[in-house]
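Read-outs: derived from the displayed coordinates by stated rules, not from any lab. None of the values given here were measured: they were computed from a predicted structure. All Cβ positions, even for glycine, are placed from backbone atoms using ideal geometry, and neighbour counts span all protein chains on display.
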Amino acid sequence: MNLIPSMLFPWFLAGAFAIALPIALHFLRRSPRGRTEFSSLMFVPTSPPTLTSKNRLDDWFLLLLRALAVLLLAIAFARPFFRSSDMLDEVAASNRRVAILVDRSASMRRADLWQRAAEEAERAAIDASSESDVAVYAYDDSLEVIVPFAETGGPQAAGTHIRGVKQRLLDAGPTWGATNVATALTSVADAMLAWQDRQRTQTTLQIILISDMQKGSQQEQLQSYEWPLQIPVDVRPIVPSVTANAGIQLLSNDDDLNPTTEQRVRVSNQRESTREQFQLRWWAGTSPLGEPLAIYVPPGESRVVQLARPTPGSAVDRLTITGDDCDFDNNRFLIPSEQRNVTVLYSGAGSLQDTKQMAYFLNLAMIDSQRRRLRMQLQPASDPGPLAIDDETGLVVVSRALSADQIRQLHSYTAAGGAVLFVVPDASVEETLGALLEDPAIKLAEAAGDYAMLGQIDFEHPLFASFLGARYNDFTKIRFQRHRKILMSATETVEIIARFDTGVPAVLVQRRGSGQLVILSSGWHPADSQLALSSKFVPFLEGLLDSTSNASQTPVNWQIHDAVPVNGFTVVETPTGEEIKLDTNATHFDATLSPGIYQARLSDQTRRWSVNLAPSESRTAPIDRSALEQHGVQLGVATSQEAELQRARQLRRTELESNQKIWRWAIVAAFGLLIVETWLASRPKPEPSPLGSTG
């Protein structure tokens, strides 16, 4: 093996030039040596000593020792080491991967943003392919691989692998989906980390993000993700040439108990906008409806306006805003909500006029909403015939003993999606309750004590979800003077969602098919409790109605990429007129890829729904790339391969020098030479002969 001397810090060898300084001074000027004594100098004029040139060395051996000591010190500071001729050539570059993320959300439809993004992606891929394996992803609210990693073949294969990136992106085109940069970044980062863990050599990772960096990109979700510091992100924003954009959002009135004739609309104007005057107008197909409504919204602000709803039967299908420069989000499609007739069947004691019975308070709770027109139907407890359940029945409330046929009827009703509320009036319905729950060993008993209150409530359950907030979850003001203890032998099929403060079950739920059976161990009339007099009663009933397919109404307004329920339908017609056949067992339709009106068909049955952009896509104001850094993302560019190799070689040199430590021997030798030089210099020298003689 051929050993080659090397220096870790070779510039310290410049210190060896310090040897020349004493030599140069020695040759340039030298005062005469020696001193001659005279008896009297009183009458001799004073003259300065004469400087003479010195062309020969005195004590050359001392000079040599000193020069060698200086040279050894310079060599020690240069940190010398020996290496083989091929040792540093063995240093190899790391495996490098570069992932290019291209934003393809709806906001990229503005002007020429997508064309410029595709061009930038191709430039980035070509530049990176000379050193790295490159992949190209496109993202909106999901992630799609446009060009996968080459996996094998190295950068040369990657160079061939990424050809035509621009054309592939242009062919794919932007979507109508929302921007979710957090999901895209974290998904790619996790995939790259998983690949890095499988490698046995050093790796270098890089993500290049190409986006319009709009405010509605949902980057806030990055706060919950610990970004890996070994993956820097190079952000390359695509700045739009037009900035005036206004967005509209239809504010829901579905929860209003008093339906209105006006639609609330929020209009937002971006802060970079150069426009502030806009117009709103209803449309039915290609025909405008009524007169446009002018609205003034300053840049960077939003306004909520009341817009008169079109008259029933006008076939309105969208609301349009005009006056801005970007039209990708100017339409909001909608299917007007229709009230549905829903019947609540009550079978138990009492009449609608008896203020002491449950039927009276239940009838008072029949309040129409935007979605439902409620009607109560009373079936006397003495009626032994079938329960009066029909297609409009949304909820069955029972508070009496039932026959075997009636129990089987309720089982069929719940299995088909209906909801049954069984209120335990007393211990005499023990057999009926056992048959309903299919638990013949069930026991009922009147609870003793003064009164009870609800102590444990599962607010995550849909029946109590509306009370989840701190302002609504206080049930301590509701007292239950009477309730029944329910003792069950089998609890696997029953869920207890509320208990009294004594631990006795208060509300139980059993799922049957797509419906449910709810057991209430106390009534809501004054003899049993204060429930009907509280503000919790009506929302509790609304929760029951919402939980059943017979009373709930499938939403008719959705967003891009939502999965819409289509149980039983066979064909869906998209806004472009394309017909998509559904599988026999299909329960949802998820090909909601473009905004507009969709229609599902089955023989003579049809159902229509609207699909719109996510409101966040209208928030097109750009954000600074530092916003990602504030959420923990490591911004920057990975070092080049050449710089990485140079750094690796330097680390290898440092390791060799650290192992050999030749500098210590150089220091020891220098001190040894200085000791010898000091000893030689300290010896007495012979004095020169005095001039003249008195002989």
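One table, with the values for the structure above:
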item: Percentage relative contact order, segment 557-612, counting C-alpha pairs under 8 Å, at least six apart; result: 43
item: Cα-projected label distance for residue 274 with residue 448, points at 7 Å along beta-carbon direction, nm; result: 8.5
item: Peptides 560-566, 571-577 ordered by average Cβ neighbours within 10 Å, highest first; result: 560-566, 571-577
item: FRET efficiency for residue 304 and residue 602, using Cβ-Cβ distance with R0 set to 45 Å, rounded to 0.05; result: 0.70
item: Charge dipole magnitude, Cβ of K and R +1, D and E -1 - the chain, Cα centre, debye nearest 20; result: 3340
item: FRET E, pair residue 112, residue 459, Förster distance 60 Å, beta-carbon r, rounded to 0.05; result: 0.75
item: At least 20 Å along the helix axis (C-alpha) and Kyte average at least 1.0, DSSP helices within the chain; result: 60-77, 662-681
item: Burial order of peptide ranges 594-606, 214-226 (average beta-carbon count within 10 Å, highest first); result: 214-226, 594-606
item: Approximate spin-label separation residue 585-residue 646, in nm, with each point projected 7 Å along Cα-to-Cβ; result: 6.3
item: Among 555, 362, 529 the positive-end extreme of the charge dipole of the chain (Cβ point charges); result: 555
item: Gain in span if fully extended, residue 225 to residue 678, counting 0.36 nm per residue against the direct Cα distance; result: 156.3 nm
item: Linear extension gain, residue 195 paired with residue 172, 0.36 nm per residue minus alpha-carbon span; result: 5.6 nm
item: Contact order normalised by residue count of segment 340-546, Cα under 8 Å, 6+ apart, percent; result: 21
